[in-house]
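Worksheet: one structure, shown below.
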Amino acid sequence: MISMLCLMLFVPRVFSSSTQVAVIFPQDPALWMGSSLTATCTVSPERGLHANTMYWTLNGKRLPSSTYGLLSTNGLSVTLHRLNGSQQQSGDNLVCHSRDGHVLAGSCLYVGMPPEKPVNLTCWSRNTKDLSCKWTPGGRGETFIKTKYTLKYKLRWYGRERECEDYSTGKRYTCYIPKDLALFTPYEIWVEASNQLGTATSDVITLDILDVVTTDPPDNVHVSRVGELEDQLTVRWGSPPALKDFLFQAKYQIRYRLEDSTEWKLVDDVGNQTSCRLAGLREGTVYFVQVRCNPVGIYGSRKAGIWSDWSHPTAASTPHSEPLQSGSCDPKSGEQNSTLRRELKQFFGWVRKHACGCSGMSIKLYDQWRVWLQKSHKTRNHVGIHMEQKKN
Amino acid sequence: MSGHVKNMCPQLTISQAARTLLSLLLVAAIDSVSAGVVCRKQPCGSSLQRSLKLTKLIHKESVDLLKTYKLSQGDMSELFCQMSINNVPDPNISGLDPSERMLSIYSHCKAFLPHLKRVTEQQTDLQPPSSSLLSKLSTAHNRTNGLANQINCIYQTLFPNLPIPPEPVDGPTSVPPSQNVFQQKVYGCVVLKRFKEFLSRVTRELRTLKSQVCTRRTTFADTNALF
């Protein structure tokens, strides 16, 4: 007994840390914005501290003594009205201090609002194999309290409710269901939002996986000239291989633009062909072309699916109407020659560096160089902008 | 075939010193594996130099880590770091001779690991998922584990006759039981503050150790002579 006492006397640090100096109530409460709170700080009598020497701070700011209430010799309260939303997700720090500023105890306040009903819930399936869904927080978005979202789904006419588990696809407010999805039968899907102040549930959407199918962009997109026709180009592409066994009729869209333009022109009436001729183009001009696919009629369905992403841009140029005259004495054609010569020099330099020599020389290689040139112009411009912003 | 070997062998003689060296190498090899960490033999100076560089890196990152931590806890968090909490490893390196001090460094590294892990778990609930604090905590944990392994190997190499005790010599590694949020904020700050101070001490200590235990021509014979 005596040895225990000695131990306690000679190890004050252990003793003082094993019993709390003071206790605040409530501890870590969740509160509505605009509400009031009365908190109490009760000091252990052994500390010998009197409550009228203590004070409160909230997020580092001392609270006026007019808000305090003396409960007892070792208990002090504080009343806060019309609370503002929390300043950080880890909670606002309400701290009780002794006269010299030492921290006696603390409590973290979580001030916010219950979540509102999530909205704009949409889902899509990639090649009928999986299901991805996204939604938007309701109202003005998430309040200051951490909100958890759970995507739930069940087969409409039978089956148990299941929860989506993979929220880590990188984008917020999305979830991914990788497998074990039934076809030809509708699902009911919804999102539940919850935080410490309440919950809210989105509207339920009903869908059949086969009605929300998207696929990969077409591959092997080739753009080529139509003989010497200076206003036309032919575009050819492959149908997405992932859906080749599903007996569907895809429809396609093409868009194209001039090399130096940002405006795309859309060709919408391509149907289910895998080639198309673009006409009415400008001669001697480089065009960028993209194709995308919509899987229609999967497993005999007549409904359209969801458009895929656009394919990577493919470049091609239309022929010039007149071939350049070599050896001409016309000053204008001379200027054209020097411009052409300069361009050719740049092109050959690029070929040596990037294309392993001239063995695969073709007009396609020239087009690839034009694409690369435009990309590097854009990069230089972006760097320029970034540098300007840094200077500012 | 044996006749061929017979012709070769009479020319070979193994000196007494070489036999001793071979035995020592065998023992050291067995010891280095038995600790659970496979250590490859490396020159003393370059091993300690590598550990010193790693320590400097972790220390530099710990300064930023503590700063990021404080910013994430809201105002008034400076005071939190000054509160006293039990069971958090202290930053001091103990011991009189190089082997004890090296062992103290190793033990402290191991002792900090569960606390760093606990702080990471707690802050995962308190911070938004995109918070850089979480990745910095994870990096600190991984690097400290790496440093502990390095020190372990160097210790085994330099002091093969001194086993590393299974439990840390400098105190318990138990993390505190469940805490309220305010206590978690305080705990995390104290852990990271002491962690930063510890690394500063390790940096100085490794410099000293390098000059004490690594001479230009340290061999196993010389190392053995220390004892």
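The values are calculated or read from the model by the stated rules, or taken from the named source; none is laboratory data. Keep in mind it's a predicted model, so treat the numbers as computed, not measured. FYI the Cβ positions are ideal-geometry reconstructions off the backbone, even for glycines, and counts take in every protein chain you see. Accessible surface is based on the protein model in full, side chains and every heavy atom, while ligands, DNA and RNA are left aside. Shrake-Rupley method; radii C 1.70, N 1.55, O 1.52, S 1.80 Å.
Return the pair list, or none, for Cβ contacts closer than 7 Å from residues in region B:80-98 that are within 14 Å of chain A (Cβ to nearest Cβ) to residues that are of a type in the set (Phe, Trp, Tyr), at least 6 apart or on different chains.
From region B:80-98, the pairs are B:Ile85/B:Tyr187.
If we scan region A:247-257, do we find a residue that is touching a strand residue (DSSP E or B) at 6+ places or on another chain (Cβ under 6 Å), surrounded by 17 or more Cβ atoms within 10 Å (Cβ to Cβ), in contact (Cβ under 8 Å) with a residue 24 or more places away in the chain and farther than 30 Å from A:Val371 by Cα?
Yes, some residue in region A:247-257 is touching a strand residue (DSSP E or B) at 6+ places or on another chain (Cβ under 6 Å), surrounded by 17 or more Cβ atoms within 10 Å (Cβ to Cβ), in contact (Cβ under 8 Å) with a residue 24 or more places away in the chain and farther than 30 Å from A:Val371 by Cα.
With (1) closer than 30 Å to A:Lys244 by Cα; (2) open to solvent by 20 Å² or more (accessible area, probe 1.4 Å); (3) away from chain B (no Cβ under 13 Å); (4) among the polar types (S, T, N, Q) as the list, and A:Asn127 as the residue in question, which single condition is left unmet?
Looking at each condition in turn, A:Asn127 falls short on (2).
Report, by residue number, each residue of region A:83-124 that is facing chain B (nearest Cβ under 8 Å) and not in a loop (DSSP other than H, G, I, E, B).
Matches in region A:83-124: A:Asp92, A:Asn93, A:Val95, A:Val103, A:Ala105, A:Gly106, A:Ser107, A:Cys108.
Return the residues of region A:112-130 that are closer than 21 Å to A:Pro295 by Cα and within 17 Å of the chain's Cα centre (by Cα); say none if nothing qualifies. Lay out the reasoning, then the answer.
Within region A:112-130, the first condition is being closer than 21 Å to A:Pro295 by Cα, and the residues that meet it are A:122-130.
A:Thr122, A:Cys123, A:Trp124 - these are the residues of region A:112-130 that are closer than 21 Å to A:Pro295 by Cα and within 17 Å of the chain's Cα centre (by Cα).
Would you check if there is a residue in region B:139-148 being within 12 Å of chain A (Cβ to nearest Cβ) and either of a type outside the set (Ser, Thr, Tyr) or not in a helix (DSSP H, G or I) (or both)?
no
Would you check if A:Gly101 is under 30 Å from A:Thr40 (Cβ atoms) and either touching a residue at least 24 places away in the same chain (Cβ under 8 Å) or in contact with a Pro (Cβ under 7 Å, 6 or more places away or on another chain) (or both)?
Considered against the rule, which asks whether it is under 30 Å from A:Thr40 (Cβ atoms) and either touching a residue at least 24 places away in the same chain (Cβ under 8 Å) or in contact with a Pro (Cβ under 7 Å, 6 or more places away or on another chain) (or both), A:Gly101 comes out as no.
Give the residues of region A:48-71 that are in contact (Cβ under 8 Å) with a residue 40 or more places away in the chain and more than 12 Å from chain B (Cβ to nearest Cβ), sorted by residue number.
A:Leu49, A:Thr53, A:Met54, A:Tyr55
Take the conditions surrounded by fewer than 14 Cβ atoms within 10 Å (Cβ to Cβ) and not in a loop (DSSP other than H, G, I, E, B) and apply them to A:Thr234. Does it pass? It would help to see each step written out before you state the result.
Numbers: surrounded by fewer than 14 Cβ atoms within 10 Å (Cβ to Cβ): no; not in a loop (DSSP other than H, G, I, E, B): yes.
For A:Thr234, the condition - surrounded by fewer than 14 Cβ atoms within 10 Å (Cβ to Cβ) and not in a loop (DSSP other than H, G, I, E, B) - is not met.
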